[in-house]
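Read the structure below first, then the notes.
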Amino acid sequence: MNNKTNVTVSKAPEAMSTSICPCGSGNLLDACCGHYHAGHPAPCASALMRSRYSAYVLGLVDYLVATTLPAQQAGLDRESISAWSAQSTWLGLEVESSEVFGGQPEHAFVTFTARWHDSTGEHSHREQSSFVQNDGRWYFIDPTVEVKAGRNDACLCGSGQKFKKCCSSYF
Ligand SMILES: [Zn+2]
Ligand SMILES: [Zn+2]
C-alpha cells in the first residue's frame, strides 16, 4: 500500500509573518508552526499538534487535511473544518504531555487542552489525540473518520504490522 501523500503547501498571509504564533509558544509564527505550514515536516507529535491548532486559528484547511492520516483524508469534511475554524474565536492551547505508545516510537499520544469561543459560548476541551509517523512525517489519527480495515489487514498507518496489532485501538 502506498502511503505517500502530497502535502499541500499553505502559506500564511504576509501580514502574519511577524506575528506571534497562535499555538502559545511565544515564538514568531515563521519560526514556529509557520515553518511546518510551509511544508517542513514536524519533528514530533506535539509539534504537529501545535501546528494543527495554529492551522485552525489561521484557517489553513489544506494543512489540516494533509496532516491527517492519509487513509482518512478522503473522509474529511473540508467544509465543516473550514466553518468550525472560521466561526470560532480561538483562545489558546496547552500541551500537557506527549508520550510514545507501547515502545513504538512511530506512535504517540498528545494530551492537550484547547479553548475557544463560538456562538454557543466558551469551550475548554481536554483530549488525548493519537499520532503516527510514516515516511518521516507525523499524522493525526482522526477518531471520528471511519476507516475500512480488517483486523488482519496491513495497518493503515503504513507500519507494515497487522491493523489489529497496531492502530486498531485508535478507532
Ligand atoms: Zn507555534
Ligand atoms: Zn498502525
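Please treat every number below as a calculation from the coordinates, not as lab data. Only a predicted model underlies this, so the values are computations on that prediction, with no experimental measurement involved. All Cβ positions, even for glycine, are placed from backbone atoms using ideal geometry, and neighbour counts span all protein chains on display.
What is the distance in Å between the Cα centres of region 125-171 and region 57-71?
Measuring centre to centre over Cα atoms gives 16 Å.
Among the aspartates and glutamates, select those whose C-alpha is under 20 Å from the C-alpha of residue 162, and discard any that sit fewer than 8 residues away in the same chain.
Within the straight-line limit of under 20 Å, residue 162 reaches these aspartates and glutamates: 106, 135, 142, 146, 153.
Using 7 Å Cα-to-Cβ label points, what is the residue 19/residue 86 separation (nm, one decimal)?
1.6 nm
Could you tell me what fraction of 2.2 N^0.38 Å the Cα radius of gyration of region 37-171 comes to, as a two-decimal ratio?
Region 37-171 yields a ratio of 1.05.
Compare the peptides 153-160, 164-171 by average per-residue count of other Cβ atoms within 10 angstrom and give them in order, highest first.
Averaged packing, sorted descending, gives the order 153-160, 164-171.
Once you charge only the Cβ atoms, +1 for Lys and Arg and -1 for Asp and Glu, what is the size of the charge dipole of the chain about its Cα centre, to the nearest 20 debye?
The dipole of the chain has a size of about 520 debye.
If I build a Gaussian network model for the chain, linking alpha-carbon pairs within less than 10 angstrom, which residue out of 98, 119, 25 has the largest mean-square fluctuation?
Answer for the Gaussian network model of the chain: 119.
Using helices alone, I'd like the mean residue ellipticity at 222 nm for the chain: each DSSP H run of four-plus residues gives -39500 (n - 2.57), total over residue count, nearest 500.
Rounded to the nearest 500, the figure is -5500 deg cm²/dmol.
By average Cβ neighbour count within 10 Å, what is the ranking of 61-69, 41-49 from highest down?
Numbers: 61-69: 21.9, 41-49: 20.3.
For the peptides 61-69, 41-49, the packing ranking is 61-69, 41-49.
Taking R0 as 22 Å, what FRET efficiency do you get between residue 118 and residue 77 from their Cβ-Cβ distance, rounded to the nearest 0.05? Intermediate results must be reported in sequence, preceding the final value.
Values: r = 17 Å, r/R0 = 0.78.
Working from the Cβ atoms, E equals 0.80.
Along the Cα→Cβ direction, 7 angstrom out, place labels at residue 127 and residue 28. What is the inter-label distance in nm?
3.1 nm
State, to one decimal in nm, how far the label point of residue 109 lies from the label point of residue 44, with both points 7 Å from Cα in the Cβ direction.
For the pair residue 109/residue 44, the computed spacing is 1.7 nm.
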